[in-house]
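What follows is a short report on a single structure.
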Amino acid sequence: MSDLIELRGGLTVPLEAYQLVCQLTIERDLALTVDGDRLRVSGPEGAKPELSKTEVAGIRRWKAHLIALMQYRAPTQE
């Protein structure tokens, strides 16, 4: 069973999915965008990125969680 991480506002996702988002967007500087139930990964200026087999497997495994993370908006503190 995966460790879970809870974000402000109650979104709970597997730590592995959160780490994959960070790896792709921060470390690799790739963009993840959601179009309905599709998740798109693009490089700088929309270029098609070269993904490792491990990254592709992770994207497939955690797709629903990655989409949830991309759509997540932290609640504002009052």
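Annotations
- Those residues of the stretch 1-50 which are β-branched (Val, Ile, Thr) and either more than 17 Å from ARG61 (Cα to Cα) or without any contact (Cβ under 8 Å) to a residue 40 or more places away in the chain (or both), in sequence order: ILE5, THR12, THR25, ILE26, THR33, VAL34, VAL41
- The set of residues in the stretch 40-62 being open to solvent by 80 Å² or more (accessible area, probe 1.4 Å) and closer than 18 Å to LEU20 by Cβ consists of ARG40, GLU50, LYS53, THR54, ARG60, ARG61.
- Flag for VAL21 being touching a helix residue (DSSP H, G or I) at 6+ places or on another chain (Cβ under 6 Å), closer than 21 Å to LEU4 by Cα and either exposed (fewer than 15 other Cβ atoms within 10 Å of the Cβ) or at pLDDT 95 or above (or both): yes
The values are calculated or read from the model by the stated rules, or taken from the named source; none is laboratory data. None of the values given here were measured: they were computed from a predicted structure. All Cβ positions, glycine included, derive from the backbone under ideal geometry; neighbour counts span all protein chains shown. When the accessible area is computed, the model is the full protein with side chains, heavy atoms only, and any ligands, DNA or RNA have been set aside. Shrake-Rupley method; radii C 1.70, N 1.55, O 1.52, S 1.80 Å.
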